[in-house]
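Below is one structure; the comments refer to it alone.
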Amino acid sequence: MFKVIIWASDASEHADRALDYAKGLAEASSAHLIAVHVNEITVGRAGGYPIQVDEEEVEQKIQRQVNDLKDAGIDANYKQCGASAGGAAHAIADAATEVGAELVVVGTRGQGPVSGLLLGSVTNRLLHVAACPVLAVPPV
């Protein structure tokens, strides 16, 4: 059914839950699974700074998850995108268009600056800007 699936991750537990769905769909469809992480930066007088102070650890965790997917026989890779603060949804949507994704799988809450919202600010925006279907996986 799907040839290319994007799993959008910020390394949160909600993104990890969405990975279970993305993995299952990729296995069932023999799809290529692309883990997309957006490194959001805030621009100040001295240059840009990552929004997440633990950005390096986040990237390492996602890369380990991609390696685990590969070890499980799934055609997977990692794609990192950059965006200014608040631009993660557009960066994910652009990545989906760029790689010809037919589905984006994302958790409904994450580590973004407005993580207390019911749906999650990135997921909510992604539902409006993505050119392909978005599977929003709710928390347990």
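Identify the single condition in (1) part of a helix (DSSP H, G or I); (2) touching a helix residue (DSSP H, G or I) at 6+ places or on another chain (Cβ under 8 Å); (3) modelled with pLDDT of 95 or more; (4) over 14 Å from residue 9 (Cβ atoms) that residue 92 does not satisfy, given that it satisfies every other one.
(4)
Output the qualifying pairs, or none if there are none: Cβ atoms under 6 angstrom, residues six or more apart or on different chains, first residue in the stretch 14-35 and part of a loop (DSSP other than H, G, I, E, B), second residue surrounded by 16 or more Cβ atoms within 10 Å (Cβ to Cβ).
Note: pairs meeting the criteria are 31/2; 31/5.
Scan the stretch 73-94 and report the pairs whose first residue is more than 25 Å from residue 29 (Cα to Cα) and whose second residue is of a type in the set (D, E, K, R) and part of a strand (DSSP E or B), with Cβ atoms within less than 6 Å and a gap of 6+ or a chain change.
Cβ pairs passing all conditions: 83/40; 85/40; 88/40.
The values are calculated or read from the model by the stated rules, or taken from the named source; none is laboratory data. It should be emphasised that the depicted structure is a prediction, and the values quoted were computed from it without experimental measurement. Glycine also receives a Cβ, built like all others from the backbone with ideal geometry; neighbour counts cover every protein chain displayed.
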